[in-house]
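The values are calculated or read from the model by the stated rules, or taken from the named source; none is laboratory data. This is a predicted model, so every value here is computed, not measured. Here Cβ is always computed from backbone atoms with ideal geometry, including for glycine, and neighbour counts include all displayed protein chains. For accessibility, only protein heavy atoms count, side chains too; no ligands or nucleic acids. Shrake-Rupley method; radii C 1.70, N 1.55, O 1.52, S 1.80 Å.
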Amino acid sequence: MATVTIYNTEGAATGSVDLDPAKLDREVRKALLKEAYIASQDAQRQGTHKTKKRSEVAGGGKKPWRQKGSGRARQGSTRSPQWGGGGHAKTVEPRDYNWDIPAGQKRLATRSALRLRLEEGALVAVDGLDAAVGTEPRTRVVAKFLTKLGLGGKGTLLVSEGHQGNLHLSTRNLAKVDVLERRNLNAGAVLRRPHLIFTKGALDALVASL
Amino acid sequence: MSLQDILSTPTGRKDRKRVGRGLGSGLGKTGGRGSKGEGSRTGGKNRGPLFEGGQKPLWMRLPKRGFNNVNFATRYIALPLHRVLERVTGDVINLETLTAAGLAKHDTAVKLVGGRGDHAEAKANRAVNVTVHRVSAKVKAAIIAAGGTVTETDLPSDGASSAPTN
């Protein structure tokens, strides 16, 4: 049995919840986590890259010199790949790097990633942080809380229950801090940040769902 | 466990072949294609799974027989009754009102059917006058039980070919 410590916004431990890692996944599936992480990283790629092939480079319509008699190698276009200012022989085209791991594996990977963080003791919870920024976004509130936990400047994923717009706004200017709704949890997002903090609501919902 | 530990886990993921990238790679000069001839060229020598080395393949040796209805079938847009009642506000349900509600197009063959799950028991919550191409028996009974009427019309002339597969 592993425990998840619950902190208040001042960084003081106020309670804990017992969580059986086996309920998340029976082991940390490293190979699966690797696949899920690679898929997630690939999905991040925009794929907006492009170079021009010879037909796309402007100009080059006129044959540079006559076919025979000049003493020079025959050339048909000033935009051939071997010419300076010519097109690329093999171009880079815009493309979609996204690929799916099977849906069942995806779900399993998410739970496995949570088990990993739980075993590491890197999974904690916070009570009232979403309420503390509930009315008005305040980066300093979140920053202070993270510093108190010794996580200032460290990679952290905050998991909220339901959309918490102000939590997003309050962490937007903190490097290496992500916010994600619990229902959008995925292995890639968990693995990307070494520390994982659930809001109380998200933790309760997670425990209830197991 | 760091991310590096996870990323260095063997998974059976294979490295991409990089053809034509130098002698040491083993796929250098001819890039694994041998030398010269059709097989070494782009697009060469792929004759498909039914090719039998030049011998008349089995599928050409046997007589053609059988029939497949796929080109002749009438295909309907199947509209669940509960969705239609939700989206069409008036008490007239015909191609015009369905089209206006975004449920059909003027040239599609439409059949009203029951729903799935909670809507498996077709029920009409109000009396509606229905004029469409086909109505399932259960839905017809439901509409009449609610005090409505059902008229089935001829299929659109090119219904068989223009209705989309769904």
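Reachable aspartates and glutamates from A:LYS200, Cα under 18 Å, same-chain residues fewer than 8 places away excluded?
Filter leaves A:GLU10, A:ASP18, A:ASP20, A:ASP127, A:ASP130, A:GLU161, A:ASP178, A:GLU181.
Provide a list, ordered by number, of residues in segment B:1-41 showing at least 30 Å² less accessible area with every protein chain present than when their chain is taken on its own, using a 1.4 Å probe.
Relative to the lone chain, where solvent access is computed with a 1.4 Å probe, segment B:1-41 loses at least 30 Å² at B:MET1, B:LEU3, B:ILE6, B:LEU7, B:THR9, B:THR11, B:ARG13.
Using a 1.4 Å probe on protein heavy atoms, which residues of segment A:180-196 have at least 10 Å² less accessible area in the complex than alone?
A:LEU191
Send over a whole-number figure in Å² for the accessible area per residue of the protein assembly as shown, probe 1.4 Å. Don't skip to the answer; put the middle values down first.
On the way: 23620 Å² over 376 residues.
On a per-residue basis, 63 Å².
Given a cut-off of under 8 Å on Cα pairs at least six residues apart, what relative contact order in percent is computed for segment A:59-117? Don't skip to the end; give the middle numbers.
Values: 35 pairs, mean separation 11.5, N = 59.
Dividing the mean separation by the residue count of segment A:59-117 yields 20 percent.
For the protein assembly as shown, give me the percentage of DSSP beta bridges that are antiparallel, rounded to the nearest 5 percent.
Bridges in the protein assembly as shown are about 15 percent antiparallel.
Distance between the C-alpha centers of segment A:65-137 and segment B:1-42? Whole Å please.
20
List, in the order given, every pair from A:LYS50/A:LYS90; A:LYS106/A:LYS176; A:LYS34/B:LYS14; A:LYS90/B:LYS29 whose Cα-Cα distance in the structure shown is over 21 Å.
A:LYS106/A:LYS176
Enumerate the lysines that B:LYS45 could reach by cross-link, defined here as Cα to Cα under 18 Å, with residues fewer than 8 away along the same chain left out.
B:LYS36, B:LYS56
Let me know the shape class of segment A:49-127, please: from the alpha-carbon gyration tensor, a ≥ b ≥ c as square roots of the eigenvalues, rounded when a/c is under 1.5, otherwise prolate if a/b is greater than b/c, or oblate.
The shape class here is prolate.
At a 1.4 Å probe radius, carbon and sulfur cover how many percent of the accessible area of the protein assembly as shown?
C and S atoms contribute 49 percent here.
Starting from segment A:146-190, pick out the trypsin sites (Lys or Arg not before Pro) whose DSSP state is loop and whose Cβ has at most 12 other Cβ atoms within 10 Å.
On the way: sites: A:LYS148, A:LYS154, A:ARG172, A:LYS176, A:ARG182, A:ARG183; in loops: A:LYS154, A:ARG172, A:LYS176.
Sparse-neighbourhood loop trypsin sites (Lys or Arg not before Pro): A:ARG172.
So how strong a dipole does segment B:1-115 carry about its Cα centre when Lys and Arg Cβ are +1 and Asp and Glu Cβ are -1, to the nearest 20 debye?
It works out to roughly 1200 debye.
Report, in whole Å, the centroid distance computed from the Cα atoms of segment A:31-53 and segment A:1-29.
32
Give me the residues in segment A:21-42 whose solvent-accessible area, probe 1.4 Å, is reduced by at least 20 Å² once all protein chains are included instead of the chain isolated.
Relative to the lone chain, where solvent access is computed with a 1.4 Å probe, segment A:21-42 loses at least 20 Å² at A:LYS30, A:ALA31, A:LYS34, A:GLU35, A:TYR37, A:ILE38.
Show me you know the interface measure: the accessible area buried between A and B, both chains summed, probe 1.4 Å, in Å² to the nearest 100.
Between A and B, the summed buried area is about 1000 Å².
Over chain B, what relative contact order in percent results from Cα pairs under 8 Å that are six or more residues apart? List each step's numbers first, then the result.
Values: 204 pairs, mean separation 30.2, N = 166.
That works out to 18 percent.
Evaluate the protein assembly as shown: find the radius of gyration of its Cα atoms, find its Kirkwood radius, and give the ratio Rg to Rh.
Reported Rg/Rh (Cα atoms, Kirkwood Rh): 1.13.
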